[in-house]
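Worksheet: one structure, shown below.
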Amino acid sequence: MCGRMNITDDPAVRWLWDYFQLPFQINSNAELCPSQEVATLVWGNDQLQQRNSTWGIQPSWSKKLIINAQSETVHSKKTFKAAFVQQRCLIPCNGWYEWRDEGGARKQKYYFSHADGLPFLMAGVYFNVGTQSQLVTLTTKPNQACGEIHKRMPVLINPEQVKQWFGLNAEDVRKMLLANAGDKIKIDAC
């Protein structure tokens, strides 16, 4: 998944408030980039809570910022394993962007949004780094429509699955890491 998300406070905030009965504050950013702060949902004190995190981690062994983890290996990679077990999060967003090589030096930008105008809940894991929180999003093999544009897509968690996402053990959560929402994704060239 390329490194851009669309996050706006309307209708996402109202939808989150209505669905989860959770006060949630989002700083709008139509093209959120890695290293910027994003509002996430986490589970703490037996309830959903907001946690603001910076998108991307930079382990000591890496020369670049890591913004995504592959869902197929997140449970076994040393960098992500503990966070996947204990520190899962969800990133509410209106959509994301991908670029496709259209031949030569031309790349076409595409916007992926919910066909019904609702926000998506992208799966992620977060890391406590001092007093800061950092996250990576989880990606998976794309469904057919997304696969025509890019070789990966974010793991999307349905609102009805939020309690399972946070409550199940890591082994059972792995079954949730497949491409979904295929008929609910609208793709537009930008």
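Below is a table of values for the structure above.
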read-out	value
Selected from Trp43, Ser133, Pro92, residue furthest toward positive end of dipole (the chain; charges at beta carbon)	Ser133
Sequence-separation-based contact order of the chain, relative, with Cα cut under 8 Å and 6+ spacing, percent	22
Trypsin sites (Lys or Arg not before Pro) restricted to DSSP loop in the stretch 55-137 with at most 10 other C-beta within 10 Å	Lys63, Lys64, Lys78, Arg106
Förster radius 30 Å - calculated FRET efficiency between Ser60 and Arg100, Cβ distance, rounded to 0.05	0.35
Among (i) 1.09; (ii) 1.12; (iii) 0.94, the entry that matches Rg/Rh (Cα atoms, Kirkwood Rh) as calculated here	(iii)
Where labels lie 7 Å past Cα in the beta-carbon direction, separation of Asn45 and Asp188 in nm	3.9
Proximal lysine pairs, the chain, alpha carbons under 18 Å, eight or more residues apart or interchain	16
Helix-derived mean residue ellipticity, 222 nm - over the chain, DSSP H n ≥ 4, -39500 (n - 2.57), to 500	-3500 deg cm²/dmol
Dipole in debye (nearest 20) - the stretch 5-189, about Cα centre, beta carbon charges: Lys, Arg +1; Asp, Glu -1	740
Estimated inter-spin distance, Gln70 and Trp17, nm [label 7 Å along Cα→Cβ]	4.2
Karplus 3J(HN,Hα) series, Hz, for the stretch 145-160 with 6.51 cos²θ - 1.76 cosθ + 1.60 (x for Gly, Pro)	4, 5, x, 6, 9, 8, 7, 9, 9, x, 6, 10, 9, 5, x, 5
³J(HN,Hα) computed for each position of the stretch 127-142 - Karplus, 6.51 cos²θ - 1.76 cosθ + 1.60, integer Hz, glycine/proline x	10, 8, 10, x, 8, 9, 10, 10, 9, 10, 8, 9, 10, 9, 5, x
His75 long-range amide H proximity, modeled H, under 5 Å	none
Cα centroid separation, the stretch 160-180 to the stretch 87-150 (Å)	18
Low-density loop positions, GluC sites (Glu not before Pro), the stretch 28-116 - DSSP coil, at most 11 other Cβ in 10 Å	Glu102
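A short reminder: the numbers here are calculations on the coordinates, not readings from a lab. What you see is a predicted model; the values in this text were computed from it and never measured. Quick reminder, even Gly has a Cβ in these numbers, built from the backbone with ideal geometry, and neighbours come from all protein chains shown.
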